[in-house]
Amino acid sequence: MAVRVALLVVSDRITPEVVAKVAKLARLGLSDDELQQASHQLSDMLDHFADIDALDLDGVEPMTHPTPISNVMREDVEMECLDRDEVLAAAPAAEDGRFRVPPIIGLEE
Amino acid sequence: MSAPQSSPEAWSHHGYEMVVGLEVHVELATRTKLFSASPNRFGDEPNTNIDPVTLGLPGALPVLNRQAVELAMRLGLALDCRVQRSTFARKNYFYPDMPKAYQISQYDEPICVDGWLDLPGSIRVGIERAHLEEDTGKSTHIGGSGGRIHGSDYSLIDFNRAGVPLVEIVSRPDIRTPDQARAYVSELRAILVAVGASDAKMEEGSMRVDANVSVRLPGAEFGTRCEIKNLNSVRSVGRAIEYEAQRQIGMTEAGESVRQETRHWDENDGRTHTLRSKEDADDYRYFQEPDLVVVDPDPEWIERVRWSLPELPAARRARLATATGQATDAESVLVVTERGQDAYVLAVAEWGGDAGRALVYVKEAFADQGERPAVPAADVAKLTLMEVGGTLTATQAKQVLAEIVEHGGGDAEAIAADKGFEAMDTGRLEAMVDDAIAAQPDAWAKYCAGEVKAVGALVGAVMKASRGQADGKAVTALLEHRRSIT
Amino acid sequence: MHDGASPTGVADIAWNVRNNLTSASDILERHLAAIAERDGEVHAFNLVLADEARARAAEIDDMVSVGRDPGPLAGVPIALKDNMCTRGIPTTCSSRILDGWRPPYDATVVTRLREAGAIIVGKTNLDEFAMGSSTENSAFGPTRNPLDTSRVPGGSSGGSAAAVAAGFAAASLGSDTGGSIRQPAALCGVVGVKPTYGAVSRLGLVAFASSLDQIGPFAHTVADAALVLESISGHDPMDSTSIRQDPLELTRQLDMGVAGLRVGRITDLPEGASADVVARLDEAFDTLRDAGAEIVDVEVPAFTYGLTAYYLIAPAEASSNLARYDGVRFGHRVEAPDTNAMYIATRTDGFGAEVKRRIMLGTYALSAGYYDAYYGRALKVRRRIAADFAAAYERADVLLTPASPTVAFHFGDKTADPMAMYLCDTYTIPSNLTGEPGMSVPFGTGDDGLPVGVQVLAPALQEARMFRTAAELERRASR
């Protein structure tokens, strides 16, 4: 039977490498120091959150919604649209009635 | 490399067969978008069909369009799918034409499952699922060559199309030849149009086809598959699959392993090219959409939709085939049904006309007529009877038909008389046959000796002498009879 | 907090304005004066809407003068948490990434408040994107607790709580995802309510965690909070998660008392509440017993797992909800040579540390290979918690817990360790997970004379009995 040893070292539940991948997915830029710090903080949190590992949840259905509503739909009827000029005036960059972005490189369609 | 052996039912190259599944996205013919009430319209000025939901503005919430659900059920039931309780899921990824940086789709629980599509006169292709999802906006790339991203200076985004309702129809990997793939796409399109779910025009983007292609030795395990995108026509579907299968076979034979990846079909150079590999693929982090609730159509609604479906193309072809004595996959049956003119042929029969002849006339002369030909069916009926009864030869009937079509109707008897068509009596015909035999003794000798082809010259001579008025079949019959008694 | 002559509080103001005894403009000026005098110190507001409010007050006064009824909230100055969309008016979520953004539409609750005759005096400060329990995570500087400006007002709706506590508004709206109304209400000594999930429309509420967020009122009294909640609740067809329900009816039943009501004490409640808070809670039970309620012991074994489930589910939903802040269509953009670099630069610059932390935690919890262990598992824990509460509600009509583990703490006390801050939500989180209502009502004071809030919890759509209980506590607390 395994004996639990008090954690004296900082947990590495999430390594900086994994944090880097996560940051990339989330489009957040982290320096190496920030990656280290995030790795510590997130690992620490996940250590706390390990309390649910002990629960027996076999056969328990996931609960995604608080209330059991179903079949909410609307009729196929047009409603007023937003004013394009107003919307584009609030855009960071616009041209020719459209939103302008830098070259779309390195992204999956 | 020898050319692959290909027939409608078999494709094989160096012993390998292709394994193909098709993913087809169709834009539904609703008035408004899937989750908001902006118009679902093609061709409007950019960014004029937008609302907070379409633009993914903070605080915006989606509300499901009932008509989109109805159309998804229609097309699912037309494909013999089961309609089930379904949920929506978020597919998370970043792209400028994805306003929320996630697409609302269906993942674990799609609305339609386990259907099939019978290819005319051919195999049954399984349909794994059909699900609802929203379309993205459109990007235009400025500054590069050919409007591609590569080398562009910047891009412009139009969100008119963002949020348009799509159904993605996923087939099982049952397709084994390029012809089958093309037939699948054509038949699917016909069904979608017939039930009113979509106008399914590949050239306008309201139907988009991606192909999953792998190769294997028959009976072996499925090979690694590649996804092929940018198939803009039925023809491209066939060409791209052919190319890709051969590419994979070439690699396999050379001992290279095929990498699982997404490839782009280039219509101009006739090849597929790597778009991205699996390692680069995004982690979509699917989870159930918390802003929407379960869709659980009750049995009454499902049955109502089922009973409201029109006669599907397969059933119409069967009816036409039976009425005209043709095979269900005969070319004339396929072509006429696809044009929507099967009902017309049956109408001619109802006027007492000959269905078989009517089918031929319609196929050959009604290409420009559309679903409701301007020509009265009664007029065509009368013409068919004149031909079948021997009053007119096939050639003569064709000419009368041309007049009837050109003038949007007409009395076949009157037109025939006008043209001086008379039934050629047997005596005159026999005399012409005698003349032809006399004029071409060599041909006659060859024919009597057994060279069947030699009859052509003799028939031709009679046709010439009669200025096309003789009935070719009758002439041939006479010659045969002569030969048999010689 | 009666001023003697001039009406304060929602019910009083509305009654006086509707009956032409006071003008809406006078009421408004009083509140604007309070803001001018003290908000420099408190910083409850990101934006004060003095001109708009004056124009609206004049409209209300015109209506009254021609005999038209402006509505049940006539002339009531109300503040809105700055994560609720107000058309043409900046809505920042206290984040740089939305600095200056003006929504092209109003949130449903804003429309309903206006239709009820209320006057919106300003947009209040919050923890950035509603993530926090102290309002120290605002990109525009913290809000200070009006009762002791060296302490936090709580969060994330710290600005809205402080605005009511300081007399800047008669009521305010906040949002509650893990306790962000109830905890600041407790720390500021006001009433704060999170209604049943789906009772109030979320349309126009900038989403943090979609299956948990709810809008609710802050007010000085239970009756005032009930009035506001009645005005904003009710079905909204533009919100698919909105319950098909008429607006809540609460004020009629407020004085019914608690005789015969079964009030549950959760015996296996997680530890962490300070002694003064525990003492006030015990007194609350005694008070209700004296008022004729039956105190029953119940167990909610999974209660203690609420924190974990929440901190896996909420960040997961948030990581997706906040992905739209990408610099393409609105808000802040940092230019870059390509779109991907633009995304990274914009989001890195625009989001604060806590928001980034939660986005990463949430992205991780959903990612391939980790979904089952984290997000997927947390959803099952959620179901288990709901089941335990359902069992408890078979034996009790309402439950009582602390709203916050402690009274208001000092700035910087909990910022070193994120987990320390997360623990502030221990008692409020489970009802967000289950979708059931909860409210905090002031009940006595704790250490340093700071207010303590008692939380009343009830089953879904049972706000009436929850308000009755809170009203009884309020009645007896002031004795």
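The numbers here are math on the coordinates, done by the rules we state, and not lab data. Just so we're clear, the structure is a prediction, and the values are computed from it rather than from any experiment. Ideal geometry is used to build each Cβ from the backbone, glycine not excepted, and the neighbour counts take in all protein chains shown.
Under the definition of partner shielding as Cβ atoms of other protein chains within 10 Å of a residue Cβ, what is the mean value for peptide C:349-358?
Counting other chains' Cβ atoms within 10 Å and averaging over C:349-358 gives 2.
Just how large is the dipole of the range B:5-306 about the Cα centre, in debye to the nearest 20, putting +1 at every Lys and Arg Cβ and -1 at every Asp and Glu Cβ?
Using Cβ point charges on Lys, Arg, Asp and Glu, the range B:5-306 gives about 180 debye.
What spacing in nm lies between the two simple spin-label points modelled at C:Glu271 and B:His407, each 7 Å away from Cα in the Cβ direction?
10.6
Put one equal scatterer on each alpha carbon of the range C:272-382, apply the Debye formula with no solvent term, and list log10 I(q)/I(0) at q = 0.16, 0.22, 0.23 1/Å to two decimals.
These q points yield log10 I(q)/I(0) values of -0.84, -1.12, -1.16.
Residue by residue through C:378-390, how many Cβ atoms from other chains fall within 10 Å of the Cβ on average?
Rounded to a whole number, the mean comes out at 4.
In debye, nearest 20, what is the charge dipole magnitude of the range B:1-157 about its Cα centre with +1 on Lys and Arg Cβ and -1 on Asp and Glu Cβ, if you could check?
Using only the charged Cβ atoms, the result is roughly 360 debye.
Taking R0 as 51 Å, what's the FRET efficiency between B:Trp351 and B:Glu451 from their Cβ-Cβ distance, rounded to 0.05?
The pair B:Trp351/B:Glu451 has a calculated efficiency of 0.70.
Give me the Kirkwood hydrodynamic radius of the range A:9-51, using the inverse of the mean 1/r over all pairs of distinct Cα atoms, in Å to one decimal.
Kirkwood radius, the range A:9-51: 10.4 Å.
Could you tell me how many cubic angstrom of Cα convex hull volume the range C:10-254 has per residue?
Spelled out: Cα convex hull of the range C:10-254, divided by residues, is 110 Å³.
Where in the range B:145-182 does the amide nitrogen come within less than 20 Å of the point 7 Å from the Cα of B:Thr274, taken along Cα to Cβ?
From the range B:145-182, the list is B:149-151.
Would you kindly work out the equivalent ellipsoid of the protein assembly as shown from its C-alpha gyration tensor and give its semi-axes, the square roots of five times the eigenvalues, largest first in whole Å?
Equivalent ellipsoid of the protein assembly as shown: 73, 32, 26 Å, largest first.
With viscosity set to 1.567 mPa s and temperature to 4 °C, compute the Stokes-Einstein D of the range C:347-408, Rh being the Kirkwood radius across alpha carbon pairs; µm²/s, no decimals.
86
If you average the sequence gap of Cα pairs under 8 Å that are 6 or more apart and divide by the length of chain C, what percent do you get for the contact order?
Relative contact order comes out at 17 percent.
What is the ratio of the Cα radius of gyration of chain B to 2.2 N^0.38 Å, with N the residue count, to two decimals?
1.26
Can you pick out the pairs among B:Lys398/B:Lys473; B:Lys398/B:Lys453; B:Lys363/B:Lys464 whose Cα atoms lie more than 21 Å from each other?
Checking Cα-Cα distances, B:Lys398/B:Lys453; B:Lys363/B:Lys464 exceed 21 Å.
Just want to confirm a number: the relative contact order over the range C:10-254, from Cα pairs under 8 angstrom separated by 6+ residues, in percent.
18
Please compute the Kirkwood hydrodynamic radius over the range B:313-418, one decimal place, Å, based on all pairs of different Cα atoms.
Result for the range B:313-418 stands at 13.4 Å.
Between A:Ile69 and C:Asp417, what is the label-to-label distance in nm when each label sits 7 Å out along the Cα-to-Cβ direction?
Inter-label distance under the simple model: 4.0 nm.
What does the helix-only formula give at 222 nm for the protein assembly as shown: each DSSP H stretch with n ≥ 4 adding -39500 (n - 2.57), the total divided by the residues, and the result rounded to the nearest 500 deg cm²/dmol?
-11500 deg cm²/dmol
Please report the relative contact order for chain A, taking Cα pairs under 8 Å with a sequence separation of at least 6, and give it as a percent rounded to a whole number.
19
log₁₀ I(q)/I(0) of the range B:76-181 at q = 0.17, 0.18, 0.21 Å⁻¹, via Debye over equal Cα point scatterers, no solvent, to two decimals?
-0.89, -0.92, -1.00
From the alpha carbon gyration tensor of the range B:426-485, can you work out the equivalent ellipsoid semi-axes (sqrt of 5 times each eigenvalue) and give them in Å, largest to smallest?
Three semi-axes, in Å: 17, 11, 10.
Could you quote the convex hull projected area for the range B:171-296, Cα atoms only and averaged over all directions, in nm²?
Averaging across all directions leaves 10.9 nm² for the Cα convex hull.
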